[in-house]
Amino acid sequence: MDGSLEPGTGPSGLLRRWLKTDPGNGAVDGVAQAGGGEPSLADGAPVGLFLLDADGHILDLNTTLADWLGYTSQELTSGTIALADFLVVDGEGGVAFQPLAANQNALEVDFTLVAGRNTAQRRVRVLQHRAVDDPTRIHGSVVALIDRADPADGYRRLEERFRRFFDCAPVGIAWVDLDGEIGECNIAFRELVHADAAPGAPFALGSIVAGKDQATAMVQLARLRDKELQRVSVEVHLSSAAEAVVDLHLNRIDDDTGKPLGAVVHAVDATERKNLEMQFSQSQKMQAVGQLAGGIAHDFNNLLTAMIGFCDLLLLRYRPGEESFADIMQVKQNANRAANLVRQLLAFSRQQTLAPKVLNITDVIAELSYLLRRLIGENIVLEINHGRDVGPVRVDHGQLEQVIINLAVNARDAMSDGGTLTIRTSGIVVDDPLRRGAEVMPPGDYALIEITDTGSGIAEENLERIFEPFFSTKEVGAGTGLGLSTVYGIVRQTGGFVFVDNMPDGGARFSVFLPFHEALQDAPRALKIETDDAVARDLTGHGTVLLVEDEDAVRLFGARALRNKGYTVLEASGGHNALSVLRDAGRDVDVLVTDIVMPEMDGPSLIQAVREQRPDIKVICISGYAEDAVRRRLDATEDIHFLPKPFNLAQLAAMVKEVIRDDDSPRSVAL
């Protein structure tokens, strides 16, 4: 026999293309491979599979059917052997095998299969289907009917085998008619949709879909019924669980005449995927809001620096008791309040300026206890329990107090009818990474602050969103939604973690983990608490300062303030202008005071250019962004001093005086 075929249509090749299981190389799931090393799911099937031309000649078949016929695949796929040669009419009045007529799409007939090289026979059912991609070809299957004496037994065995595959499928499978009634489904489908109907009893597709998605699901089913679509996918929420999301894939099934009968439904649980999409979207939103807040805060810090600075200049001309003095103090106090609000915005975006010090949290909470009792009110009992093994932590003192105050106020609001607020400190050793949602806390030694209330707790659906900016369960006007997000931002920027849990007996518990300060872990009792540097009373000095600031108001205030203290000040509104001034001034400039964010040439570029001309010049960076963010843009080896905005006259003068006194260690002035 001539076994040659067109390229790509050798034994099992056409079947693999029909089944769409030929990736081109290698084996698939351990299924036997056809000649040439190509994989074939068809060869491993428990039924015979074939591909015929319009005249019924065999173009391709799997090894199962070839074995039943007693020949090799190569011998049978010459294109001249008909499948009818091996089929005998089954029963009296039976019809001989005929390939599908031009007006037929499917046909199912029982025959007796006779092997060509032996007398073995088997009763089979032959199913033919018109190939969708090539109407001139016919594909089908040959199913062995096991017991010739009892046809029903063969059907039962086949049904049992099918039922095993059907019920053990990892996705939900169901049959839905054109009216939306589910007549049969597998176990996975019932478990996925939480069907209440008795097994085997029909139930409506609409009954398992949440109300908001019912109309969408029924519209798509109607489009299948009207033959607008062959298959469609729809994402729905379940009526049994509002948070559950399921992808329904519907594939229309037609009868021999092309009339729609219903649809096979595959249901895939998409809840985890949707949650991941929401988390990703939320993280993007948080990042965008943080960047927006950081930009707004930078601009506000420039305005507040000018406001506070000019208030300081005015206060030099007025004395306490004068009418104007009180007015100026009101302006300055409100500007300082605005500066605190800006720091809150930077806190939740994790861009605030920190002045970390080695602290003992036990002492911090003890000092804060009086204020906390005033904040929470008389109807709430405050209990503070300190552990003995709490090591030192390195945090910003003011920001740590803000974390505790915000959590205490949040607990107070949860106990409108009174209750108990408990603050407990302890040392804890984490041996293995601790995963909470998307957060992973690495092993190490931590100081733990637990703040527990006896309120109503937090709704489960809100636990994942509790630290989102502007998210609040309070009524409109009762809060900004920044309190807990500020806590989260401060703790994370400090290198710690904060988690929230509902208590079994009611109420909520916030747990703040702060890493021990490694340098002093072995001697917590000998801890020396760092204090704010005292601003020198004598702020006068001498020397030449090159002040570079693109914001006119900030530059004017800074220049006047330093001149009033005895310094010679050269002003520049940008980087290129500053280089020109520096060239004209020669080596008379002692200190460069420059903003970081400026048009055309920014602060880091200016510092690099200045270092090439004057490597010995001292540099002070002023910025509304966090010091860490500024230093990441500078050379790590640079001896740079940092003054955060907004600053007042005394802080600016103190920083310049300290730098000119040849203080070689980089430092920051705390606000």
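The values are calculated or read from the model by the stated rules, or taken from the named source; none is laboratory data. All values derive from a computational prediction rather than experimental measurement. Using ideal geometry, Cβ is built from the backbone for each residue, glycine included, and neighbour counts are taken over all protein chains shown. Ligands, DNA and RNA are stripped out before the accessible areas are found, and what is left, the full protein with its side chains, is counted by its heavy atoms. Shrake-Rupley method; radii C 1.70, N 1.55, O 1.52, S 1.80 Å.
Note down all Cβ pairs under 7 Å where the first residue falls in the stretch 157-180 and is without any contact (Cβ under 8 Å) to a residue 40 or more places away in the chain and closer than 27 Å to Ala270 by Cβ, the second is open to solvent by less than 40 Å² (accessible area, probe 1.4 Å) and in a helix (DSSP H, G or I), and they're at least six residues apart or on different chains.
Close Cβ pairs satisfying both conditions: Ala169/Ala188; Pro170/Ala188.
Just checking, does the stretch 381-402 include any residue being farther than 15 Å from Gly496 by Cα, at pLDDT 85 or above, touching a Gly at 6+ places or on another chain (Cβ under 7 Å) and charged (D, E, K, R)?
No.
Take the conditions modelled with pLDDT under 85 and open to solvent by less than 50 Å² (accessible area, probe 1.4 Å) and apply them to Gly211. Does it pass? Working first, answer last.
Numbers: modelled with pLDDT under 85: yes; open to solvent by less than 50 Å² (accessible area, probe 1.4 Å): no.
In short, no.
Check whether at least one residue in the stretch 491-509 is at pLDDT below 70 and open to solvent by less than 40 Å² (accessible area, probe 1.4 Å), and report yes or no. Talk me through it step by step, then tell me what you get.
Taking the stretch 491-509 first, the residues at pLDDT below 70 are none.
No, because not a single residue in the stretch 491-509 is at pLDDT below 70 and open to solvent by less than 40 Å² (accessible area, probe 1.4 Å).
Within the stretch 53-75, identify whether any single residue is at pLDDT 80 or above, in contact with a Phe, Trp or Tyr (Cβ under 7 Å, 6 or more places away or on another chain) and more than 28 Å from Thr257 (Cα to Cα), and answer yes or no.
Yes, the stretch 53-75 has at least one match.
The rows are residues; the columns are (1) touching a residue at least 12 places away in the same chain (Cβ under 8 Å); (2) in contact with a helix residue (DSSP H, G or I) (Cβ under 9 Å, 6 or more places away or on another chain).
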| residue | (1), (2) |
| --- | --- |
| Lys357 | yes, yes |
| Ile361 | yes, yes |
| Glu378 | no, no |
| Gly391 | yes, yes |
| Gln399 | yes, yes |
| Gln402 | yes, yes |
| Leu407 | yes, yes |
| Ala414 | yes, no |
| Asp417 | yes, no |
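Out of the residues in the stretch 214-230 that are open to solvent by less than 80 Å² (accessible area, probe 1.4 Å), touching a helix residue (DSSP H, G or I) at 6+ places or on another chain (Cβ under 9 Å) and of a type outside the set (A, V, I, L, M), state the one that is nearest to Asn275 (Cα to Cα).
Across the stretch 214-230, the extreme among qualifying residues is Gln214.
Name, by its number, the condition in (1) in contact with a strand residue (DSSP E or B) (Cβ under 8 Å, 6 or more places away or on another chain); (2) surrounded by fewer than 20 Cβ atoms within 10 Å (Cβ to Cβ); (3) at pLDDT 85 or above; (4) within 22 Å of Leu145 (Cα to Cα) that does not hold for Gln98.
Status for Gln98: all satisfied but (1).
Limited to the stretch 231-284, what total is found for residues that are open to solvent by less than 50 Å² (accessible area, probe 1.4 Å), part of a loop (DSSP other than H, G, I, E, B) and more than 30 Å from Ala106 (Cβ to Cβ)?
Looking only at that region, the number is 3.
Out of the residues in the stretch 187-202 meeting the condition of being modelled with pLDDT of 80 or more and not basic (Lys, Arg), tell me which one is surrounded by the fewest Cβ atoms within 10 Å (Cβ to Cβ).
Going through the stretch 187-202, the residues modelled with pLDDT of 80 or more turn out to be 187-193.
Narrowing the set further to residues that are not basic (Lys, Arg) leaves 187-189, 191-193.
Values: Ile187: 14, Ala188: 21, Phe189: 23, Glu191: 11, Leu192: 22, Val193: 27.
The residue in question is Glu191.
Within the stretch 454-471, restricting attention to residues that are at pLDDT below 80 and buried (at least 18 other Cβ atoms within 10 Å of the Cβ), which residue is farthest from Pro442 (Cα to Cα)?
Selected residue: Pro469.
Which one is nearest to Ile449 (Cα to Cα), of the residues in the stretch 397-435 that are among the polar types (S, T, N, Q) and buried (at least 17 other Cβ atoms within 10 Å of the Cβ)?
At the first step, the residues of the stretch 397-435 found to be among the polar types (S, T, N, Q) are 399, 402, 406, 410, 416, 420, 422, 425-426.
Keeping just the survivors that are buried (at least 17 other Cβ atoms within 10 Å of the Cβ) gives 399, 402, 406, 410, 422, 425.
Values: Gln399: 14, Gln402: 13, Asn406: 13, Asn410: 15, Thr422: 10, Thr425: 5 Å.
The qualifying residue nearest to Ile449 (Cα to Cα) is Thr425.
For Tyr446, indicate whether it is crowded, with 18+ Cβ neighbours inside 10 Å, at pLDDT 70 or above and not in a strand (DSSP E or B).
No: the conditions fail for Tyr446.
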